[in-house]
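Trainee: If you scroll down you'll find the structure; I have some questions about it.
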């Protein structure tokens, strides 16, 4: 507790306004805004400084007596708390462990914009506060097959089962048709990038049923701004899909019938299989 008190006093002195989601503030990275309002890159630099100092302090706290003694008894449950960056709510996959919130480092890098990469050769994580977040570079075959695409989707399903909030906003570098990175289009783009990497996109209006393959995106107009789903498998009568909605939750196993889709306005296909 002495370590935590020191850390809280340290951050309170350095940053007059802290946006926290828990009184146990150092189980997660702390987001801070400096009230002196520096200009330009200084704002981002101060944010990054706060994050990296928060990481360092948290590493020290985990070595304190109560934390190290309880490590054998920790349990994790999805957090019910909200997260904000500069006053804007963001969606994280976060867990409540021993009174603290734990968030993926890559999700923090994406939200605050600093580089996070993984080196498989050395089994090491690299953080670069001078570089923007660029997202993961999916490893996919140069010529994807339906089997490789379905394997990538199956891996995503393990990571984000039905009801799981996926990290938003999802920032893609593949040049696709959707850029908001949230709701159904953000999830569809994330799934497509996981299956196809940076392969180019193609749009097919009013596609034939034979043109639809696993991993393709099907969109149609509705009373809102339209809806888009990701095909996971197909029969002669319907497609099974994964999709999301306004709550940014992943959903698997939905079915859309051929006759219904072909009657919808704006019915179109986005595919990334080579022609």
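The values are calculated or read from the model by the stated rules, or taken from the named source; none is laboratory data. Nothing here was measured: the structure is a model prediction, and the numbers come from that model. Because the Cβ atoms are built from the backbone with ideal geometry, glycine has one as well, and the counts that use them run over all protein chains shown.
Trainee: Report, ordered by the first and then the second residue, all pairs with beta carbons closer than 9 Å, sequence separation of six or more or different chains, a first member in segment 90-105 that is assigned by TED's automatic domain parsing to the domain that holds residue 164 and closer than 16 Å to residue 74 by Cβ, and a second member that is surrounded by fewer than 20 Cβ atoms within 10 Å (Cβ to Cβ) and modelled with pLDDT under 85.
Mentor: Every condition considered, no pair remains.
Trainee: Moving on to the next point. If you scan segment 99-124, which residues turn out to be at pLDDT below 85, more than 17 Å from the chain's Cα centre (by Cα) and within 29 Å of residue 81 (Cα to Cα)?
Mentor: Residue satisfying the conditions is 99 alone.
Trainee: Determine, yes or no, whether residue 156 is assigned to a helix (DSSP H, G or I), at pLDDT below 95 and either touching a helix residue (DSSP H, G or I) at 6+ places or on another chain (Cβ under 6 Å) or under 24 Å from residue 78 (Cβ atoms) (or both).
Mentor: In short, yes.
Trainee: Can you say whether residue 149 is under 20 Å from the mean Cα position of the chain (by Cα), buried (at least 19 other Cβ atoms within 10 Å of the Cβ) and either in contact (Cβ under 8 Å) with a residue 60 or more places away in the chain or not in a helix (DSSP H, G or I) (or both), as far as the supplied structure shows?
Mentor: Judged against the criteria, residue 149 is a match.
Trainee: Here's something else I'd like to know. Is it the case, given these coordinates, that residue 204 is crowded, with 22+ Cβ neighbours inside 10 Å and either touching a helix residue (DSSP H, G or I) at 6+ places or on another chain (Cβ under 9 Å) or farther than 30 Å from residue 90 by Cα (or both)?
Mentor: It is false that residue 204 is crowded, with 22+ Cβ neighbours inside 10 Å and either touching a helix residue (DSSP H, G or I) at 6+ places or on another chain (Cβ under 9 Å) or farther than 30 Å from residue 90 by Cα (or both).
Trainee: For the structure I just gave you, tell me whether residue 253 is touching a strand residue (DSSP E or B) at 6+ places or on another chain (Cβ under 9 Å) and either part of a loop (DSSP other than H, G, I, E, B) or surrounded by fewer than 13 Cβ atoms within 10 Å (Cβ to Cβ) (or both).
Mentor: yes
Trainee: Going by the structure shown, is residue 185 farther than 26 Å from residue 95 by Cβ and out of contact with any strand residue (DSSP E or B) (no Cβ under 6 Å at 6 or more places or on another chain)?
Mentor: Criteria not met by residue 185.
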